[in-house]
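The values are calculated or read from the model by the stated rules, or taken from the named source; none is laboratory data. All of these numbers come straight from a predicted model, not from anything done at the bench. Here Cβ is always computed from backbone atoms with ideal geometry, including for glycine, and neighbour counts include all displayed protein chains.
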Amino acid sequence: MKDFASFTGGEESRNALWEEAQKIAATYDGKNENDLLRAIYARAAAGKKNGTLTNSQIDAFCAQISPMLDEAKRKKLYKIAAELKKM
């Protein structure tokens, strides 16, 4: 998945998202959750600013990811999504 705009929610996107998540996880291995969240936020914010990430894509991303998270992490995800959608 080269950017958030390519995320469609289908099987191919989920596989690409999983591969991307594994790459990111390897990059941030040994670092804390906040470092990872900052990196994801920065990438998404750049997408919003340059027009390659829409609010509907943010919603689709959250819908796919949220079932894999516990309640506390889900709340963080939706808070970050709300902030991004205001940009």
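Observations
- Listed by first and then second residue, the pairs linking a residue in the stretch 72-87 that is assigned to a loop (DSSP other than H, G, I, E, B) to a residue that is surrounded by 13 or more Cβ atoms within 10 Å (Cβ to Cβ), with Cβ atoms under 7 Å apart and 6 or more places separating them unless they lie on different chains, are MET87/ALA45; MET87/LYS48.
- Residue in the stretch 11-42 that is modelled with the lowest pLDDT, counting only those that are assigned to a helix (DSSP H, G or I) and small (Gly, Ala, Ser): SER13
- Residue selected from the stretch 29-65 under the condition among the charged types (D, E, K, R) and farther than 20 Å from TRP18 by Cα, by the criterion surrounded by the fewest Cβ atoms within 10 Å (Cβ to Cβ): LYS49
- The selection criterion, being of a type in the set (Ser, Thr, Tyr), part of a loop (DSSP other than H, G, I, E, B) and at pLDDT 75 or above, does not hold for THR8.
- Matching residues in the stretch 66-87 - criterion: being within 13 Å of the chain's Cα centre (by Cα) and under 21 Å from GLU19 (Cβ atoms): SER66, MET68, LEU69, LYS73, LEU77
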